[in-house]
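In what follows, a structure is listed as structure tokens, so that the remarks can point back to it.
The values are calculated or read from the model by the stated rules, or taken from the named source; none is laboratory data. Predicted, not measured: the structure shown is a model, and the values here were computed from it. Quick reminder, even Gly has a Cβ in these numbers, built from the backbone with ideal geometry, and neighbours come from all protein chains shown.
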Amino acid sequence: MLPGPGIAWEVLGKDTARVTVTHNGLSQSVDVSVDEEGRPVEVRFQRWTNANAERTYRLQPFGGYLSDFREIQGFRLPFRVEAGNLFGTDAYFPFFKARLRAVRFPS
């Protein structure tokens, strides 16, 4: 995702950046952490949800981990993804877990 209209990047630390996408008056920021090879290994953002003990809708942490990177036709892709609500807290619950088994590009 290159900088351009509606896309803004900022450095948060030596291995973390924030991209903010703005469109039609709405805005969403996502923090992306990379490993020493530049692979995105962690993402986090605020999500509107009622997945909390109070069952109250609010913005709260969401995020996950990407791992098992493999190179497919010149692209380096994560073959494992885990994500969930309350990311970065003791109450983190990874309800989404995926393992990629095959990749096919359109011909």
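Q46 is checked against (1) without any contact (Cβ under 8 Å) to a residue 24 or more places away in the chain; (2) over 22 Å from D90 (Cβ atoms); (3) touching a strand residue (DSSP E or B) at 6+ places or on another chain (Cβ under 9 Å) and fails just one. What number does that condition carry? Here Q46 clears every test but (2).
If the requirement is being touching a residue at least 12 places away in the same chain (Cβ under 8 Å), of a type in the set (A, V, I, L, M) and either farther than 21 Å from V21 by Cβ or out of contact with any Pro (no Cβ under 8 Å at 6 or more places or on another chain) (or both), which of these qualifies: A51, A83?
Details: A83 fails: either farther than 21 Å from V21 by Cβ or out of contact with any Pro (no Cβ under 8 Å at 6 or more places or on another chain) (or both).
The match here is A51.
Test R76 against the stated conditions and say whether it is more than 17 Å from the chain's Cα centre (by Cα) and in a strand (DSSP E or B). So that I can check it myself, show each step before the final result.
Details: more than 17 Å from the chain's Cα centre (by Cα): no; in a strand (DSSP E or B): yes.
Criteria not met by R76.
Answer with yes or no whether I72 is modelled with pLDDT under 95 and surrounded by 10 or more Cβ atoms within 10 Å (Cβ to Cβ). In short, yes.
Output the residues belonging to the stretch 34-73 that are among the acidic types (D, E), under 18 Å from the mean Cα position of the chain (by Cα) and over 27 Å from S107 (Cα atoms).
In the first step, residues of the stretch 34-73 are kept if they are among the acidic types (D, E); the result is 35-37, 42, 54, 68, 71.
Cutting the leftovers down to under 18 Å from the mean Cα position of the chain (by Cα) gives us 35-37, 42, 68.
Within the stretch 34-73, D35, E36, E37, E42 meet the criteria.
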